[in-house]
Each structure stands twice: as structure tokens, then as C-alpha cells.
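Since the structure comes first, as C-alpha cells, the remarks are kept for the end.
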Amino acid sequence: MKKNTFYLVVGCVALALLAIFWYSVEVHSPFIVEAAFIVAIAFIYLIRKKVTDFIEDERTAKISEQAALRTFQVFWVVFCAFSIGAVMQILYVPAFPREKLPVRAPEILGPKMMGYFQLGLLCLMIFLYVGFRIYYARKFGDWETDEE
Amino acid sequence: MKNKIKVFRAMNDLTQEDLAQAIGVTRQTILAIEKGKYVPSLDLAFKIARNFNVTIEDIFQYENAPLTVDID
């Protein structure tokens, strides 16, 4: 398979996912789009292996590796901080009944806002990866030009 | 790490693309190595050296730290 065909297939998969997302919202079933997303990514990984004109050498592998590592190093801290806060909110139990404590857990983020915040975290992860990838690609000479 | 890939390419009348194809990497990788932006792995260094029928030391020179031996 050629590289352009692969990009075309990825585009079609993205459109199909968008349609499934819309349907999933219509029938109020998040599992449909979740399952479709996993299947779509697995499919893309599978056809990615069939592309013949992708040249990946150790330098490009190192760029991807470094970008992924740095993204992970930054992202897990942000994600853990958010998750700890969310878990504390869910598991809120007044431990000392003698003291006057509020009956309801102090709501930092409502469930709806948590969803949006998670979406924001996902975008942050993508931006971090793209940013680090550009940085390492530049560091390892991706945009170097020569007289040749 | 300094290298003489450009010199050896000129001696063997090879373009960056030719060398890249011969050792299975991209032209950009050869360019990055030549410009000192990327230090190749030992495996790739051997491939480059063998492509020119020379040793690694003929192409790559490690100049940063002088080799010292402590004798007590």
C-alpha cells in the first residue's frame, strides 16, 4: 500500500468515527463510540504495517521515542494531579463526626466539567506530543538543508 | 563526534541519497550525521564504514574527551 492511500483510508476512518460519534450521542450510548474508536485505532495500526513507502530509520525512531517519553513525563503529573482530586471528591467521607463538616462533598468540578476537563487533558497530550516532536525533529536535523 | 562521511562520499562519487539507500536510512539521516546533529548507533556506524570498506575509526573521530589511564 502507498502512503497516500494510507492517508486516504485514515481520513475515511476519521469520517466514519465522526458519524458513529454522532449516532452514539443520538442514542445516548457512549459504548458504541468507545468500541468503534478502539477498533478504528487497531485497524489503522494494522494497515500502517502494510504501507511500503514509509522509511523509518533509527533517527526517526529516536525522535518519536524522545517525544513520547517527554510527553509522558509531563502528562502523567498533570493527569495524576487531576485524578487524585477527582478520587478525593468521589470518596469524600466525613471521618470525624464530632466536628462540623459539610454533609455534601465540596464540589470542585461537576461530572460534566470533569468530562470537559478530560477532553482538555487529551488535547494537552496531543499538543505536548506535537510540540516535543517538532523540538526533537529540529534537534536531530530534520529541517537541515544542504548544498546537494 | 566528528566524521568524514562527506569526504568518503566524494571519494566514492556517492550522493547522500545513494548512501542512504545503500544502508537503508533516509537521506535526512545522512545529512544529520554529516552535520553532527545526530550521532549514529554502533550498528549504523558499522554499516556506513563497511559501505566504504574502511574501519569505523577512519570515518568517526571522538574528540571531546582525551583517553586517560590512571596508574596507581
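The values are calculated or read from the model by the stated rules, or taken from the named source; none is laboratory data. As the structure is a prediction and not an experimental result, all values here were calculated from the model. Using ideal geometry, Cβ is built from the backbone for each residue, glycine included, and neighbour counts are taken over all protein chains shown. Note: accessible area is taken over every heavy atom of the protein model, side chains too, but ligands, DNA and RNA are not part of it. Shrake-Rupley method; radii C 1.70, N 1.55, O 1.52, S 1.80 Å.
Points worth noting:
- Label-to-label distance for A:ILE134 and B:ILE56 is 3.6 nm, based on points extended 7 Å past Cα in the beta-carbon direction.
- Cα centroids of the stretch A:116-148 and the stretch A:3-74: 17 Å apart.
- Cα long-axis angle, helix A:58-90 against chain A (0 to 90 degrees, to the nearest 10): 10
- The helix-only estimate of mean residue ellipticity at 222 nm for chain A, built from DSSP H runs of length n ≥ 4 each weighted as -39500 (n - 2.57), is -25500 deg cm²/dmol after division by the residue total.
- Between the residues A:ILE84, A:GLN73, A:ALA19, the greatest Cα displacement towards the positive end of the dipole of chain A, with unit charges on the Cβ of Lys, Arg, Asp and Glu, is found for A:ILE84.
- For the chain pair B and A, the buried solvent-accessible surface (1.4 Å probe, both sides summed) amounts to about 1400 Å².
- Charged-residue dipole, Cβ positions (Lys, Arg, Asp, Glu), the stretch A:3-139 about Cα centre, Debye nearest 20: 300
- Rounded percent of accessible protein surface that carbon and sulfur make up, the protein assembly as shown, 1.4 Å probe: 65
- Three-way shape call for the stretch A:1-94 based on the alpha-carbon gyration tensor, with the a/c threshold at 1.5: oblate
- Straight-line cross-link reach from A:LYS62 at under 25 Å between alpha-carbon atoms covers these lysines, not counting any fewer than eight positions away in the same chain: A:LYS2, A:LYS3, A:LYS49, A:LYS50, A:LYS139, B:LYS2, B:LYS4, B:LYS6, B:LYS35, B:LYS37, B:LYS47.
- Stretchable slack from A:GLU65 to A:VAL77, in nm (0.36 nm times residue separation minus alpha-carbon distance): 2.4 nm
- Seen through its C-alpha gyration tensor, with square-root eigenvalues sorted a ≥ b ≥ c, the stretch B:2-61 comes out rounded because a/c lies under 1.5.
- Simple rule: put +1 on each Lys or Arg Cβ and -1 on each Asp or Glu Cβ in the protein assembly as shown, find the dipole, and look at A:TYR116, A:LEU128, B:ASN51; the Cα lying farthest toward the positive end is A:TYR116.
- Between helix A:3-26 and chain A there is an angle of about 20 degrees, using the helix long axis and the longest principal axis of the Cα atoms.
- Tensor-based shape of the protein assembly as shown (alpha-carbon gyration tensor, a/c under 1.5 rounded, otherwise prolate or oblate): oblate
- Residues of chain A were split at every exposed loop site, defined as chymotrypsin sites (Phe, Trp or Tyr not before Pro) in a DSSP loop with at most 16 other C-beta atoms within 10 angstrom, and the longest piece left, sites excluded, is A:1-53.
- The length gained on full extension between A:LYS2 and A:TRP22, counted as 0.36 nm times the residue separation minus their Cα-Cα distance, comes to 4.1 nm.
- The mean number of partner chain beta-carbon atoms within 10 angstrom of a residue's beta-carbon across peptide B:25-34 is 6.
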